[in-house]
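See structure below.
The values are calculated or read from the model by the stated rules, or taken from the named source; none is laboratory data. All values derive from a computational prediction rather than experimental measurement. When we count neighbours, we look across all protein chains shown, and the Cβ atoms used for this are built from the backbone with ideal geometry, even at glycine. SASA here: full protein model, heavy atoms, side chains in, ligands and nucleic acids out. Shrake-Rupley method; radii C 1.70, N 1.55, O 1.52, S 1.80 Å.
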Amino acid sequence: MAAAIQTRVNELLGIEHPIIQGGMQWVGTADLASAVSNAGGLGILTSLTQPSPEDLGKEIDRMREMTDKPFGVNLTILPTITPPPYEEYLRVAVEKGVKIVETAGANPAKLVPMLKDAGVTVVHKCTSVRHALSAQEKGVDIVSVDGFECAGHPGEDDIPGLVLLPAAADKLDIPIVASGGIADGRGMAAALALGAEGINMGTRFLCTEEAPVHRNVKEAIVERSELDTELIFRTLNNTARVASNEVSREVVEKLNAGAQFPEVRDLVSGQRGRKVYENGDLDAGIWSCGMVQGVINDIPTCGELVPRIANEAADIITGRLAGFVK
Ligand code: NAD
């Protein structure tokens, strides 16, 4: 058994392993999040997966019936077809006594004072050093730095984690969580070497027994390679990395030919993408998936996965890497 990995992220979040579940749309429900928290990581409920702030409140209650470990709530603010009442979601989370919130997408400046007044630990997820610095100045406790490899929205700078993480670590004082492109202990050890003190994983947790998605999605992730993603919305400055399928390839083709958002809206809507997860028809719509699927080879439970990654990272650091130092 390897030694445990202990960083400021464990301390700030009160968790055994500095491993955080990504705030995935349609996936971050209490089913998955409680399994991650019970495994010693940090499970995350995705606010916008719930149809209303009241439903988020009910999901927080359900979460508390499934775990007594720390967990967080994600709020992602990005262009959306029907703008949700973002602040209402956060208000409900705070009223329900949630102690960890992950913000993502937009500048968190407006939200941080309300969260800090309520004693919430704030993790802000962003895709550039300048946004990470700005979040630190606004008072967030941890930044989650998301490299270009990631699933979902990587921003428009196209800087992969191998460069983005040390560039951020050179500038920041608060702890960094590495996000994007990590699925195992090798990725975790590399992230720690680059300056991070924890990891965030989406696609890896999407491919677990407890993820509330059709088994076809999980088997596709195991079968497919690092080549099988598409970048949609490049021309709209809202780039998103999604699984390569009939719909995502059609969207790329249309946008490259000059189409605007209304011409692809029905193809890309989240409601349509949700059907992939519900029915297992992999071509039913858009679904987020990272390049890291190329190194995902199984469908474990979260209880197996979280300690496995932490132990593997510790073994690599104390074994293979230490062995190179003469
Ligand atoms: P949706 O159905 O509103 O939109 C589908 C996609 O189209 C999203 O990627 C969205 O950003 C994009 N989009 C919407 N309007 C746009 C416009 N005018 N111009 C350019 N792009 C536009 O989204 P949803 O699936 O119901 O999700 C709700 C929100 O939560 C979205 O903003 C989504 O991006 C966000 N979210 C993203 C992640 C992630 O990246 N991993 C996680 C959680 C939530």
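Looking at residue 14, is it more than 15 Å from the ligand (Cβ to nearest atom), at positive phi and open to solvent by less than 40 Å² (accessible area, probe 1.4 Å)?
no
What is the one condition in (1) in contact with a helix residue (DSSP H, G or I) (Cβ under 7 Å, 6 or more places away or on another chain); (2) within 10 Å of the ligand (Cβ to nearest atom) that residue 83 does not satisfy?
Of the numbered conditions (1) in contact with a helix residue (DSSP H, G or I) (Cβ under 7 Å, 6 or more places away or on another chain); (2) within 10 Å of the ligand (Cβ to nearest atom), the odd one out for residue 83 is (1).
Would you be able to say whether some residue in the range 203-210 is more than 18 Å from residue 295 (Cβ to Cβ) and open to solvent by less than 50 Å² (accessible area, probe 1.4 Å)?
Checked the range 203-210: no residue is more than 18 Å from residue 295 (Cβ to Cβ) and open to solvent by less than 50 Å² (accessible area, probe 1.4 Å).
For the condition assigned to a loop (DSSP other than H, G, I, E, B) and either within 20 Å of residue 201 (Cβ to Cβ) or in contact with a Ser or Thr (Cβ under 7 Å, 6 or more places away or on another chain) (or both), what is the one hit in 155, 97?
Among 155, 97, only 155 is assigned to a loop (DSSP other than H, G, I, E, B) and either within 20 Å of residue 201 (Cβ to Cβ) or in contact with a Ser or Thr (Cβ under 7 Å, 6 or more places away or on another chain) (or both).
Could you go through the range 83-91 and let me know if any residue there is open to solvent by 10 Å² or more (accessible area, probe 1.4 Å), of a type in the set (Phe, Trp, Tyr) and within 20 Å of residue 28 (Cβ to Cβ).
Initially, the range 83-91 is screened for residues open to solvent by 10 Å² or more (accessible area, probe 1.4 Å), giving 83-88, 91.
Checking the rest, the ones that are also of a type in the set (Phe, Trp, Tyr) come to 86.
From what is left, the residues that are within 20 Å of residue 28 (Cβ to Cβ) are 86.
Yes, some residue in the range 83-91 is open to solvent by 10 Å² or more (accessible area, probe 1.4 Å), of a type in the set (Phe, Trp, Tyr) and within 20 Å of residue 28 (Cβ to Cβ).
Return the only residue of 189, 183 being open to solvent by less than 40 Å² (accessible area, probe 1.4 Å), farther than 21 Å from residue 103 by Cβ and either part of a loop (DSSP other than H, G, I, E, B) or not assigned by the TED database to the domain that holds residue 104 (or both).
Values: 189 fails: either part of a loop (DSSP other than H, G, I, E, B) or not assigned by the TED database to the domain that holds residue 104 (or both).
The unique qualifying residue is 183.
Just for the range 257-314: of the residues that are β-branched (Val, Ile, Thr) and assigned to a helix (DSSP H, G or I), which one is nearest to the ligand (Cβ to nearest atom)?
268
Let's see how each residue does on (1) within 20 Å of the chain's Cα centre (by Cα); (2) surrounded by fewer than 19 Cβ atoms within 10 Å (Cβ to Cβ); (3) β-branched (Val, Ile, Thr):
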residue	(1), (2), (3)
196	yes, no, no
213	yes, no, yes
246	no, yes, no
289	yes, no, no
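For the subset of the range 30-74 comprising residues that are open to solvent by 20 Å² or more (accessible area, probe 1.4 Å) and touching a residue at least 60 places away in the same chain (Cβ under 8 Å), which member is nearest to the ligand (Cβ to nearest atom)?
Per the stated criteria, the residue is 31.
Consider the range 198-226. How many of its residues are within 19 Å of residue 177 (Cβ to Cβ) and not in a loop (DSSP other than H, G, I, E, B)?
Within the range 198-226, residues that are within 19 Å of residue 177 (Cβ to Cβ) and not in a loop (DSSP other than H, G, I, E, B) number 8.
Would a scan of the range 120-131 turn up a residue that is in the same structural domain as residue 155 (by the TED database), more than 16 Å from the ligand (Cβ to nearest atom) and assigned to a helix (DSSP H, G or I)?
yes
If a residue has to be open to solvent by 30 Å² or more (accessible area, probe 1.4 Å) and not small (Gly, Ala, Ser) to count, how many in the range 92-124 make the cut?
Matching residues across the range 92-124 total 10.
Test residue 140 against the stated conditions and say whether it is open to solvent by less than 10 Å² (accessible area, probe 1.4 Å), assigned to a strand (DSSP E or B) and either within 16 Å of the ligand (Cβ to nearest atom) or not basic (Lys, Arg) (or both).
Judged against the criteria, residue 140 is not a match.
Condition check ((1) surrounded by 21 or more Cβ atoms within 10 Å (Cβ to Cβ); (2) without any contact (Cβ under 8 Å) to a residue 60 or more places away in the chain; (3) among the acidic types (Asp, Glu)) across all residues:
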site: 221; (1), (2), (3): yes, no, no
site: 226; (1), (2), (3): no, no, yes
site: 237; (1), (2), (3): no, no, no
site: 254; (1), (2), (3): no, yes, no
site: 262; (1), (2), (3): no, yes, no
site: 265; (1), (2), (3): no, no, no
site: 293; (1), (2), (3): yes, no, no
site: 303; (1), (2), (3): no, no, no
site: 308; (1), (2), (3): no, no, no
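If you check residue 251 against the conditions, is it of a type in the set (A, V, I, L, M, F, W, C), closer than 23 Å to residue 149 by Cβ and assigned to a helix (DSSP H, G or I)?
When the stated conditions are applied, residue 251 passes them.
Please enumerate the residues belonging to the range 219-236 that are more than 16 Å from residue 151 (Cα to Cα) and within 14 Å of the ligand (Cβ to nearest atom).
235, 236
Quick check on my filter: what residues within the range 143-158 are closer than 20 Å to residue 238 by Cα and crowded, with 20+ Cβ neighbours inside 10 Å? Lay out the reasoning, then the answer.
The first filter runs over the range 143-158 and keeps only residues closer than 20 Å to residue 238 by Cα, leaving 144-158.
Selection gives 144, 145, 146, 147, 148, 149, 150, 151, 152, 153, 154.
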